[in-house]
Amino acid sequence: MVSRVRRVKIGIDITHLDDFEQFDEASVDLVFTRAEWADVDGDPNHLARKAGRFAAKEAVLKVLGCGLGDISLVDIEILSAENGEPRVRLSGRALEWFQTLSLDQLELSISHHREYAVAVAVATPK
Ligand SMILES: CC(C)(COP(=O)(O)OP(=O)(O)OC[C@H]1O[C@@H](n2cnc3c(N)ncnc32)[C@H](O)[C@@H]1OP(=O)(O)O)[C@@H](O)C(=O)NCCC(=O)NCCS
């Protein structure tokens, strides 16, 4: 039984850029929304940016205490604000879960260096 969370929740994930080298069309639609893909594909740094967004989605899953079978990754959308800061928008089951846990703010930080990207997600309770 899921009950409200009364503490700050943290999630972290690390990904290897190579995993995004041969990302086929079918996989794209399972992982990224059209807006996310448009945000990073074509960027000279696109592999790092895709890997960073994937890490961020998995970090959010850790915050929610869910696995990939429970929530679709496209229900965790990560887009860049004008200043480059990553912003996350939940929908579908991810949003329902977030609300069931009574979480409030959800913030992300992403970093990439050479062959790895990492992300941290933090959520505060209501
Ligand atoms: C934030 C910053 C220092 C990171 O640079 P870096 O160490 O070279 O790069 P990292 O790999 O560690 O981090 C890159 C990620 O930082 C995040 N990021 C970028 N700008 C950010 C900002 N303003 N705030 C928070 N995170 C930011 C992004 O998620 C980016 O990855 P993405 O492009 O794939 O989404 C750099 O992007 C920067 O200087 N941005 C401008 C900051 C700014 O707003 N300056 C004006 C007021 S002081």
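Only the coordinates and a few stated rules stand behind these numbers; no lab work does. Please read all numbers here as calculations on a predicted model, not as lab measurements. Cβ sites come from the backbone with ideal geometry, for glycine too, and all protein chains shown count toward neighbours.
Within the stretch 15-51, the set of residues being within 12 Å of the ligand (Cβ to nearest atom) and closer than 19 Å to residue 121 by Cβ comprises 15, 36, 39, 40, 48, 49, 50, 51. Is it true that some residue in the stretch 8-18 is surrounded by 13 or more Cβ atoms within 10 Å (Cβ to Cβ), in a helix (DSSP H, G or I) and without any contact (Cβ under 8 Å) to a residue 40 or more places away in the chain? No - not one qualifying residue is present in the stretch 8-18. Take the conditions (1) surrounded by fewer than 17 Cβ atoms within 10 Å (Cβ to Cβ); (2) in contact (Cβ under 8 Å) with a residue 24 or more places away in the chain; residue 69 misses just one of them, which is (2).
Here 88, 118 are screened, and the one residue that is surrounded by 16 or more Cβ atoms within 10 Å (Cβ to Cβ), out of contact with any Leu (no Cβ under 6 Å at 6 or more places or on another chain) and in a strand (DSSP E or B) is 118. Taking the stretch 46-59 as the range and being within 15 Å of residue 98 (Cβ to Cβ) and touching a helix residue (DSSP H, G or I) at 6+ places or on another chain (Cβ under 7 Å) as the test, only 57 passes. In the stretch 52-72, the residue that is nearest to residue 10 (Cα to Cα) out of those that are more than 16 Å from the ligand (Cβ to nearest atom) and part of a helix (DSSP H, G or I) is 63.
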